[in-house]
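Below: one structure, written as structure tokens.
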Amino acid sequence: MPEQQQYIVVERDEPIAVVTINRPDKLNALNWGLVAELADQLEALDRDDAIRCIVLTGAGNKAFAAGADIAEMSNATPVQMATGSFQSWDRIRRIATPIIAAVGGYALGGGNELAMHADMIVASENAQFGQPEILIGVMPGAGGTQRLARTLGKFRAMEICLTARRVSAQEALDWGLVNRVVPEGQHVEEAKRLAQEVAKQAPVAVRFIKEAVLAAYETPLQDGLAYEKRLFALLFATEDQKEGMRAFLAKEKPTFQGR
Ligand code: HXC
């Protein structure tokens with residue numbers, strides 16, 4: 001049975017879960033309550049050992065999310081904006097379980113930033129990515145300038161943020177912003193398939209890999225290499241390392257326990 005809060009629907013299909021932003025009449029615009037609820041639900045799944053990978057998507061075929069809620073923001077004070085949802089965005093950033101965004105339709109502004117909080121992105125052919133904040137007199141605020149610059153490089157990030165140009169699914173694929181593009185409407189199924197692939201791997205190694213790849217954004221190479229080496233060595237304390245290598249040598253399939 002899907003579990004439904006006000007804005008977020010969670011469907012558990014162990015070892016994966018599908019989290020759906022359910023505000024299609026407003027193209028899944030991200031108000032503060034919605035982002036807090038999303039962080040609550042993702043954290044609950046993150047604490048749950050039975051869930052190994054999460055698919056994040058938006059209800060309806062028009063949008064993943066069309067950005068932060070402009071109606072809510074329009075009269076906000078700087079203090080409200082500084083406190084409003086940033087704590088929730090930080091909580092989403094710290095989820096250790098891999099997240100795959102399944103994007104159909106618009107991923108704009110905070111919607112694109114949310115997709116970039118995921119670890120992989122599967123796009124439907126009708127997906128459109130962009131940072132249109134400049135059109136309403138502001139700028140990206142949940143990581144758009146930083147993650148686009150790191151993912152696409154300075155020049156494409158500048159064009160997207162300075163001109164509000166929308167990037168099609170195919171361009172996003174060519175530019176390295178998404179992992180794969182599928183026919184319209186098949187993005188959630190494809191993301192679920194990919195999530196099952198991740199979910200069958202050794203769980204502790206999966207979490208360490210996410211942690212190590214994300215560390216590459218925040219550390220100089222030398223520190224990142226040292227960090228990776230320590231995590232790698234630590235995996236030799238797990239039963240799954242013994243099982244994985246035993247099974248390889250015995251020409252069997254491993255059974256991972258997540259310990
Ligand atoms: C609030 C929104 C919304 C948004 C759409 N809606 N986007 N409401 N905030 N970001 C609402 C519309 O008001 C409308 O409500 C309904 O959703 C359907 O949208 P339409 O505009 O009628 O649809 P359409 O003509 O198909 O145009 C789709 C669209 C357009 C191109 C995506 O809606 C649009 O430009 N939206 C805004 C995109 C944007 O600027 N995003 C960035 C926001 S700033 P009604 O009640 O009239 O039916 C941001 C900063 C992030 O994200 C900072 C992080 C904290």
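Do the conditions hold for A50, that is, is it assigned to a loop (DSSP other than H, G, I, E, B), closer than 28 Å to A199 by Cα and either within 16 Å of the chain's Cα centre (by Cα) or of a type in the set (A, V, I, L, M, F, W, C) (or both)? Working first, answer last.
Working: assigned to a loop (DSSP other than H, G, I, E, B): yes; closer than 28 Å to A199 by Cα: yes; either within 16 Å of the chain's Cα centre (by Cα) or of a type in the set (A, V, I, L, M, F, W, C) (or both): yes.
For A50, the condition - assigned to a loop (DSSP other than H, G, I, E, B), closer than 28 Å to A199 by Cα and either within 16 Å of the chain's Cα centre (by Cα) or of a type in the set (A, V, I, L, M, F, W, C) (or both) - is met.
For region 193-259, give me every one of the helices (runs of 4 or more DSSP H) that falls completely inside it and has 1 or more residues that are of a type in the set (S, T, N, Q) and open to solvent by 50 Å² or more (accessible area, probe 1.4 Å).
Details: elements: 203-215, 221-234, 239-249.
In region 193-259, 221-234 are the helices (runs of 4 or more DSSP H) which contain 1 or more residues that are of a type in the set (S, T, N, Q) and open to solvent by 50 Å² or more (accessible area, probe 1.4 Å).
What number of residues within region 61-106 are more than 7 Å from the ligand (Cβ to nearest atom), more than 23 Å from N179 (Cα to Cα) and touching a residue at least 60 places away in the same chain (Cβ under 8 Å)?
1
Results for (1) under 14 Å from the mean Cα position of the chain (by Cα); (2) modelled with pLDDT of 95 or more; (3) of a type outside the set (F, W, Y); (4) outside any helix (DSSP H, G or I), shown as yes or no for each residue.
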position	(1), (2), (3), (4)
N75	no, no, yes, yes
Q80	no, no, yes, no
T97	yes, yes, yes, yes
I100	yes, yes, yes, yes
L114	yes, yes, yes, no
V122	yes, yes, yes, yes
I134	no, yes, yes, no
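For region 157-179, which positions are over 17 Å from Y106 (Cα atoms), in contact with a Lys or Arg (Cβ under 9 Å, 6 or more places away or on another chain) and open to solvent by 50 Å² or more (accessible area, probe 1.4 Å)?
Answer for region 157-179, where residues must be over 17 Å from Y106 (Cα atoms), in contact with a Lys or Arg (Cβ under 9 Å, 6 or more places away or on another chain) and open to solvent by 50 Å² or more (accessible area, probe 1.4 Å): just E159.
Is it the case, given these coordinates, that V138 is of a type in the set (V, I, T), without any contact (Cβ under 8 Å) to a residue 24 or more places away in the chain and either near the ligand (Cβ under 9 Å from one of its atoms) or on the phi > 0 side of the Ramachandran plot (or both)? If you could, list the steps in order and put the result at the bottom.
Details: of a type in the set (V, I, T): yes; without any contact (Cβ under 8 Å) to a residue 24 or more places away in the chain: yes; either near the ligand (Cβ under 9 Å from one of its atoms) or on the phi > 0 side of the Ramachandran plot (or both): yes.
So V138 passes the test.
Results for (1) farther than 25 Å from I134 by Cα; (2) crowded, with 20+ Cβ neighbours inside 10 Å, shown as yes or no for each residue.
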{"position": "A17", "(1), (2)": "yes, yes"}
{"position": "C53", "(1), (2)": "yes, yes"}
{"position": "F64", "(1), (2)": "no, yes"}
{"position": "E72", "(1), (2)": "no, no"}
{"position": "S85", "(1), (2)": "no, yes"}
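Do the conditions hold for I100, that is, is it open to solvent by less than 10 Å² (accessible area, probe 1.4 Å) and β-branched (V, I, T)?
yes
Any idea which of (1) touching a Gly at 6+ places or on another chain (Cβ under 9 Å); (2) within 12 Å of the ligand (Cβ to nearest atom); (3) open to solvent by 50 Å² or more (accessible area, probe 1.4 Å) is the one G185 doesn't satisfy?
(2)
From the set of residues in region 141-158 that are more than 8 Å from the ligand (Cβ to nearest atom) and of a type in the set (A, V, I, L, M), which is nearest to the chain's Cα centre (by Cα)?
Of everything passing the filter in region 141-158, L148 is nearest to the chain's Cα centre (by Cα).
Does region 175-183 contain any residue that is part of a helix (DSSP H, G or I) and modelled with pLDDT of 95 or more? Walk me through it before giving the result.
Within region 175-183, the subset part of a helix (DSSP H, G or I) is 175.
Restricting the remaining residues to those that are modelled with pLDDT of 95 or more gives 175.
Yes, region 175-183 contains at least one residue that is part of a helix (DSSP H, G or I) and modelled with pLDDT of 95 or more.
The values are calculated or read from the model by the stated rules, or taken from the named source; none is laboratory data. Nothing here was measured: the structure is a model prediction, and the numbers come from that model. Heads up, the Cβs are rebuilt from the backbone with ideal geometry, glycines too, and the neighbour counts pull from every protein chain shown. Areas reflect the complete protein model, heavy atoms only, side chains present, ligands, DNA and RNA absent. Shrake-Rupley method; radii C 1.70, N 1.55, O 1.52, S 1.80 Å.
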